[in-house]
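Colleague: Sharing a structure here in structure tokens format.
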Ligand SMILES: [Zn+2]
Ligand SMILES: [Zn+2]
């Protein structure tokens with residue numbers, strides 16, 4: 001299987017993802033993501049954590065979310081680029097910062113969440129699904145896996161299915177940022 005590769009800003013941390021194609025991404029425009037990225041939004045992908053092979057000085061930053069879950073962030077220990085995170089609510093699913101992919105210029109954003117916090121100068125294209133806050137998981141997963149997000153890597157489809165079946169159906173979504181794995185669940 002071809003490998004998709006990526007890494008941090010300084011090059012000390014590198015990873016390979018066992019994907020057969022570049023994955024579709026979604027953008028989160030919430031304030032947490034704006035602060036954390038220092039930009040207008042964060043661009044993210046789902047992966048099974050087992051599909052990631054990471055090398056280099058990864059530093060783990062963990063915190064407990066308001067709902068009592070553990071959010072685990074992996075950053076480069078040298079340049080502090082954030083590579084991916086996971087959440088105890090969704091074991092074995094990694095949310096990768098899509099722009100760490102080497103071929104990030106080829107990525108497509110197929111959904112936008114938290115658009116009520118979108119930067120005012122940014123105009124989203126017509127026809128792309130958006131949600132004012134976090135998206136219901138099943139809806140966002142549908143957007144990420146629908147046919148127009150063609151050539152969906154099998155591993156991403158697997159992670160999406162696993163995520164949906166593992167956690168989202170068992171508890172209601174909450175209302176703040178990044179329900180699919182980011183910071184402050
Ligand atoms: Zn680095
Ligand atoms: Zn966010």
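The values are calculated or read from the model by the stated rules, or taken from the named source; none is laboratory data. The shown structure was predicted, so the numbers you read here are calculated from the model rather than taken from an experiment. Cβ: placed from backbone, ideal geometry, glycine included. Neighbour counts: every protein chain shown.
Colleague: Note down all Cβ pairs under 6 Å where the first residue falls in segment 98-109 and is touching a residue at least 12 places away in the same chain (Cβ under 8 Å), the second is surrounded by fewer than 16 Cβ atoms within 10 Å (Cβ to Cβ) and part of a strand (DSSP E or B), and they're at least six residues apart or on different chains.
Modeller: 102/5
Colleague: Do the conditions hold for residue 47, that is, is it modelled with pLDDT of 95 or more, surrounded by 23 or more Cβ atoms within 10 Å (Cβ to Cβ), within 26 Å of residue 131 (Cα to Cα) and away from ligand 1 (no atom under 14 Å from the Cβ)?
Modeller: For residue 47, the condition - modelled with pLDDT of 95 or more, surrounded by 23 or more Cβ atoms within 10 Å (Cβ to Cβ), within 26 Å of residue 131 (Cα to Cα) and away from ligand 1 (no atom under 14 Å from the Cβ) - is not met.
Colleague: Among the residues of segment 23-35, count how many are crowded, with 20+ Cβ neighbours inside 10 Å and either modelled with pLDDT under 95 or part of a strand (DSSP E or B) (or both). Walk me through how you get there before you give the answer.
Modeller: If we filter segment 23-35 for residues that are crowded, with 20+ Cβ neighbours inside 10 Å, which is where we start, we get 23-30, 33.
After this cut, where a residue has to be either modelled with pLDDT under 95 or part of a strand (DSSP E or B) (or both) as well, the list is 23-28, 30, 33.
Residues in segment 23-35 being crowded, with 20+ Cβ neighbours inside 10 Å and either modelled with pLDDT under 95 or part of a strand (DSSP E or B) (or both): 8 in total.
Colleague: Output the residues belonging to segment 1-41 that are closer than 13 Å to residue 103 by Cβ, more than 16 Å from ligand 1 (Cβ to nearest atom) and in contact with a helix residue (DSSP H, G or I) (Cβ under 7 Å, 6 or more places away or on another chain).
Modeller: Of everything in segment 1-41, those that are closer than 13 Å to residue 103 by Cβ, more than 16 Å from ligand 1 (Cβ to nearest atom) and in contact with a helix residue (DSSP H, G or I) (Cβ under 7 Å, 6 or more places away or on another chain) turn out to be 17, 19, 22, 23, 25.
Colleague: A further question follows. With the requirement that a residue be modelled with pLDDT under 95 and within 17 Å of residue 81 (Cβ to Cβ), what does segment 5-22 give you?
Modeller: Pass one, segment 5-22, residues modelled with pLDDT under 95: 17-22.
Correct list: 17 only.
Colleague: Here is a follow-up. Every residue in segment 107-121 that is out of contact with any helix residue (DSSP H, G or I) (no Cβ under 9 Å at 6 or more places or on another chain) and at pLDDT 95 or above, please.
Modeller: Result: 112, 115, 116, 118, 120, 121.
Colleague: Also: Among the numbered conditions (1) within 16 Å of ligand 2 (Cβ to nearest atom); (2) closer than 27 Å to residue 15 by Cα; (3) out of contact with any helix residue (DSSP H, G or I) (no Cβ under 6 Å at 6 or more places or on another chain); (4) at pLDDT 95 or above, tell me where residue 79 comes up short.
Modeller: Failed condition: (1).
Colleague: Turning to a different aspect of this structure: Quick one: in segment 42-76, which of the residues that are in contact with a helix residue (DSSP H, G or I) (Cβ under 6 Å, 6 or more places away or on another chain) and either more than 15 Å from ligand 2 (Cβ to nearest atom) or not in a strand (DSSP E or B) (or both) is farthest from residue 90 (Cα to Cα)?
Modeller: Kept after step one, since they are in contact with a helix residue (DSSP H, G or I) (Cβ under 6 Å, 6 or more places away or on another chain), are these residues of segment 42-76: 42-48, 51.
Narrowing further to those that are either more than 15 Å from ligand 2 (Cβ to nearest atom) or not in a strand (DSSP E or B) (or both): 47-48, 51.
Values: 47: 11, 48: 10, 51: 15 Å.
Restricting to residues being in contact with a helix residue (DSSP H, G or I) (Cβ under 6 Å, 6 or more places away or on another chain) and either more than 15 Å from ligand 2 (Cβ to nearest atom) or not in a strand (DSSP E or B) (or both), the top hit is 51.
Colleague: Considering segment 82-106 alone, what residues qualify as being more than 15 Å from ligand 1 (Cβ to nearest atom), under 18 Å from residue 19 (Cβ atoms) and in contact with a helix residue (DSSP H, G or I) (Cβ under 9 Å, 6 or more places away or on another chain)?
Modeller: If the condition is that a residue be more than 15 Å from ligand 1 (Cβ to nearest atom), under 18 Å from residue 19 (Cβ atoms) and in contact with a helix residue (DSSP H, G or I) (Cβ under 9 Å, 6 or more places away or on another chain), then 86, 92, 93, 94, 98, 104 are the ones that fit.
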